[in-house]
Amino acid sequence: MKVPLLDLKAQYRSIKAEIDSVVADVFTSQMFINGEKVTECEREVAAYSNCQFAIGVSSGTDALIISLMAENIGQGSEVITTPYSFFASVGSIVRLGAQPVFVDIDPETYTIDTSQIEEKITDKTKAIIPVHLYGQMSDMDPIVCLAEKHDLTIIEDAAQTIGAEDGGMRAGSVGRYGCFSFFPSKNLGAAGDAGMVLTNDPDKADALVSLRNHGEQKKYYHDLVGGNFRLDALQAAVITVKLSYLDGWTKARQDNAYRYNRLFSDAGLTDKEWIKTPVEKTERHIYNQYIIRANRRDQLCEYLKEKEIGHDIYYPVPLHLQKCFAFLGYCEGDFPQSERAARETLALPVYPELSTDQQDYVVSTIAEFYKKS
Ligand SMILES: *Cc1c(COP(=O)(O)O)cnc(C)c1O
C-alpha cells in the first residue's frame, strides 16, 4: 500500500466544482490584482482568527518581512526567535539587516522555551518572533509579559497554525502581528504562494497596506519604500473557498492524530520508548504535522521509504548550524534541544483524507521495524 505524506489531489477532488467556478470568475472579471476577491478573503480570514485586520500578501515569508518593515527593524536591531523552524523565520530577519538572537525550544512542544528568553534581551532587542510549530501555539502568556516589560513587538510566525487556539485566543491574533502562509502544504493552502498578516492596530494595518504596494499612500505618492508584496485575486478566491472547509479538515487531522496516539500505544511502541507521540499543550492543536520522536530515526525513515510510506524530516539542520548563518558565530551544542529534535523527529501522514487502512498500515509497518530488529 502506498501512503503519501500529503494528498492534495484528494482534497481537490472533494471541492473541484467550487474551486473551478471561482477561478473562472476571476478570469471572467480579468481583475487579477487587488479588488473584491482579495478584500473578501482578508475579511474572512480576519473573522476566522478573531482579529480586526488582515492584509493579504504574496507569501508567509513576505508576511514576516513586511511586519518587520512596519516596525523599522533593520541594521542595529536584534530579534529573538528559535533556531528550530522553517528557514524563513530567520531568513526574513537577516534579509532586513537585523540580528537574529536564538533561544532554544521546549522539547515537548518544539516551540520557544519561554524560560530562556529574558536572558537574551538587550537594549537592541526590538521584537520576538515566536514560531507556532506543527499546529501548536507557543506559550504566549509569558511572551506577552516579557514584551510589555521590555517594550518589544511580538510577531507571531503562525504559518503552520491557522485556527489553532490557546487561552481563548486564535493563533496570529495575540501579537502585534500574526503571519500566515497559504503555501499549498499548509492546512489552508492556496494554488501557489500566498500569505497574510493579521493585526489589531489600525495604524499598523495602514502601514502594511501601503508597504505591500511599494509604500504608496495614494497613487504615485510614496512616503515609505515598500515592495510588491501583494496577494493575487486568484489565490484569494481559492483561499476563501477552502476556508469554509477548514474546520472540517482540522477535525479530521485531529482525529487522525489521536488515532495514531492510540494505535502506537496499543502496539506497545510508546511503552518501550521506541517512539514518542506528540504532546498537546495548546487548547486547539491543528496538526499541520504529526511529529514523532523515533529511536534510530534514520533507519526507520529508510524502512518507511522501502514500504512507500510518505514521511519527512522537519527540520534536519537547525538554523544556527546553516552555512549562511555561520557569521552569527553559533556552533554545535549551543541549542541542544533544537539539535536533538533535528536528529530524532519525523513527520507522518496526517492529512484529512488519510484512510484508517492507510493509518493502520503506517503503524503496523513501524511496529514491524522495531519488533524485528
Ligand atoms: C511555511 C512557513 C513559512 C513561510 O511561508 P511561505 O508561504 O512558504 O513563504 C514561514 N514560517 C514557517 C514556520 C513556515 O512553516
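The values are calculated or read from the model by the stated rules, or taken from the named source; none is laboratory data. Please read all numbers here as calculations on a predicted model, not as lab measurements. Methodologically, a virtual Cβ is constructed for each residue, glycine included, from the backbone with ideal geometry; neighbour enumeration extends over all protein chains shown. These area figures cover heavy atoms from the full protein model, side chains too; ligands, DNA and RNA do not enter into them. Shrake-Rupley method; radii C 1.70, N 1.55, O 1.52, S 1.80 Å.
Think of a 1.4 Å ball rolled over the protein heavy atoms: the chain then has 43 Å² of accessible area per residue.
Centre-to-centre separation between the Cα atoms of region 310-373 and those of region 55-78: 28 Å. With helices as the sole contributors, the chain gives -12500 deg cm²/dmol at 222 nm; each DSSP H run of n ≥ 4 counts as -39500 (n - 2.57), and the sum is divided by every residue. Pairwise alpha-carbon distances in region 1-118 exceed 22 Å for 60% of all pairs. About its Cα centre, region 246-373 has a charge dipole of approximately 200 debye under the convention of +1 per Lys or Arg Cβ and -1 per Asp or Glu Cβ, with nothing else charged. Centre-to-centre, using Cα atoms only, region 110-154 and region 249-267 are separated by 30 Å.
Report the Rg/Rh value for the chain, based on alpha-carbon coordinates and the Kirkwood definition of Rh. With Rh from the inverse mean 1/r over Cα pairs, Rg/Rh is 0.98. Of all beta bridges DSSP finds with both residues in the chain, what is the antiparallel percent, to the nearest 5? Roughly 65 percent of the beta bridges in the chain run antiparallel, per DSSP. Its Cα gyration tensor gives region 246-372 an equivalent ellipsoid, and the semi-axes of that ellipsoid, as √(5λ) in whole Å with the largest first, are 27, 19, 14.
Using θ = phi - 60° in the Karplus curve 6.51 cos²θ - 1.76 cosθ + 1.60, the 3J(HN,Hα) couplings for region 181-187 round to 10, 10, 3, x, 8, 6, 4 Hz; x is entered for Gly and Pro.
Of the accessible area of the chain, computed with a 1.4 Å probe over protein heavy atoms only, carbon and sulfur atoms account for 50 percent. Approximating the spin labels as points 7 Å out from Cα along Cα→Cβ, the THR270-to-GLN75 distance works out to 5.3 nm. Between LYS124 and HIS214, the C-beta separation translates, for a Förster distance of 25 Å, into a calculated FRET efficiency of about 0.30. A cut-off of 5 Å between modelled amide H atoms, ignoring neighbours fewer than 5 places along the same chain, links ASN213 with GLY227, PHE229.
Among residues other than ASN228 with Cβ under 14 Å from its Cβ, the summed charge is -2 (Lys and Arg +1, Asp and Glu -1). Structure remark: mean-square fluctuation, Gaussian network model of the chain, C-alpha springs under 10 Å; the largest value among GLU119, GLU36, GLU108 belongs to GLU119. Dipole size of the chain about its Cα centre, with +1 on Lys/Arg Cβ and -1 on Asp/Glu Cβ: approximately 800 debye, rounded to the nearest 20. The relative contact order of the chain comes to 22 percent, based on Cα pairs under 8 Å that sit 6 or more residues apart. Derived scalar couplings between HN and Hα for region 248-260 equal x, 5, 4, 4, 5, 5, 4, 4, 5, 5, 5, 5, 4 Hz in order, rounded to whole Hz, by the Karplus curve 6.51 cos²θ - 1.76 cosθ + 1.60 (θ = phi - 60°), x for Gly and Pro. Across region 229-243, rounded Karplus estimates of 3J(HN,Hα) from the backbone phi angles (6.51 cos²θ - 1.76 cosθ + 1.60, θ = phi - 60°) give 10, 7, 8, 6, 4, 4, 5, 4, 5, 5, 4, 4, 4, 5, 4 Hz, Gly and Pro being marked x. With the charge dipole of the chain set up from +1 on Lys and Arg Cβ and -1 on Asp and Glu Cβ about the Cα centre, the Cα lying farthest toward the positive end among the listed residues ASN261, THR277, THR28 is that of THR28. Each 5 Å bin from 0 upward holds the following percent of the Cα-Cα pairs of region 31-80: 4, 17, 20, 22, 17, 10, 6, 3, 0.
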